[in-house]
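Below you'll find the structure, written out as structure tokens, and then a few comments.
The values are calculated or read from the model by the stated rules, or taken from the named source; none is laboratory data. Please read all numbers here as calculations on a predicted model, not as lab measurements. No Cβ is skipped: glycine too gets one built from the backbone with ideal geometry, and neighbour counts run over all protein chains shown.
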Amino acid sequence: MREAAFVKQNKEKWIAFEHAMDSNLKINPDHLSALYIQLTNDLAYAQTYYKNSNTLRYLNSLASQAHQKIYVNKKESKRSIVGFFKTDFPLFFSGYQREFLYAIGIFFLAVLIGTISTLNDDSFVRLILGDAYVNKTLQNIAAGNPTAIYQTMGQGDMFLAITINNIRVGMVCFIFGIFTSLAVGYVIFNNGIMVGAFFTMFYQEGVSFESWRVIMLHGTIELSIIVVCGAAGIVMGNGLLFPKTHTRMYSFIKAAKDGLKIMLSTVPLFIVAGFIEGFITRYAFMPAIVNYAIVIASAVLIVWYYGFYPQLLKRAHEQVRRA
């Protein structure tokens, strides 16, 4: 890469780092450290390809000025778990909204395909969900309780089993990023196909409304955070596919760490979804207003925390930086 192209590609990042260094306001030390790591990687690249250049001298000077300030501030910072979920993670996730949208798009496309396939092929739902599950569900529907399957285990046992299983599914979505983001897309797609086939089965049996409002008590959070885990896997997979100016190994390791941070944000929500499924979903005939309140509150939580809130924090952060 020519030096001019290298400078053009990275200058905004360097300027942002300078602004962060010059600001008298308290800067998130992890954010500053991440910028510093990118800077030193660019410095190493310049040392290899642009020896004795003004670019190399500029990056060398900036890196040497930054080192002490960053690591002194980081040692003094005592961040809490509350701080991570309230500020650090949403601000961090604002940089990965595109990957989140990719995961959402793949999931809903798969749901649509699963729905159409089930409507046009009576054997499709059995192929996807298995004969045993479909037969049991049909028996429950005939008995007048379509979602009775959520009442077959003890509350505590079901809570643990569901939470562990959901975390496992989320981890699979993430770990497949090792095989690139295309593999993650395949896993998300499979989950979406299952969801489409599942809900269409209830529709074909004429109990779509009764089943939907019960299943989505826990499904609103559960399905949403599986998509978030898919976004985490896409982040890791893209680090392998698109290293940009970094070495492929460095890009992959950094992306894996970023994806893992996204995964960690979902753990409390997996627990909440498991709790709802284990202790609340079994009450299929609860008052409708309670049912709707839980579903709506769950949807608002997900949309706010992973969609709007990160963007609001990002804008506020940029305004402070420009001030």
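For the stretch 281-288, the criterion of being in a helix (DSSP H, G or I) and touching a helix residue (DSSP H, G or I) at 6+ places or on another chain (Cβ under 8 Å) is met by at least one residue. What about His246, is it of a type outside the set (S, T, N, Q), at pLDDT below 90, closer than 20 Å to Ile37 by Cβ and part of a loop (DSSP other than H, G, I, E, B)? The answer is yes for His246. Of all residues assigned to the stretch 194-203, none qualifies as being out of contact with any Asp or Glu (no Cβ under 7 Å at 6 or more places or on another chain), among the aliphatic types (A, V, I, L, M) and not in a helix (DSSP H, G or I).
Checking Val214, Val227 one by one, the residue that is at pLDDT 95 or above and assigned to a helix (DSSP H, G or I) is Val227 and no other.
Only one of the numbered conditions (1) within 30 Å of the chain's Cα centre (by Cα); (2) at pLDDT below 90 is violated by Ser53, and that is (1). With respect to the conditions (1) farther than 28 Å from Met153 by Cβ; (2) surrounded by fewer than 19 Cβ atoms within 10 Å (Cβ to Cβ), Val267 lacks only one, and its number is (1). All told, Lys69 falls short of being in contact with an Asp or Glu (Cβ under 8 Å, 6 or more places away or on another chain), modelled with pLDDT under 75 and not assigned by TED's automatic domain parsing to the domain that holds Leu264. Selection of the stretch 272-323 for residues being under 24 Å from Glu210 (Cβ atoms), among the charged types (D, E, K, R) and out of contact with any Phe, Trp or Tyr (no Cβ under 6 Å at 6 or more places or on another chain) yields only Glu277.
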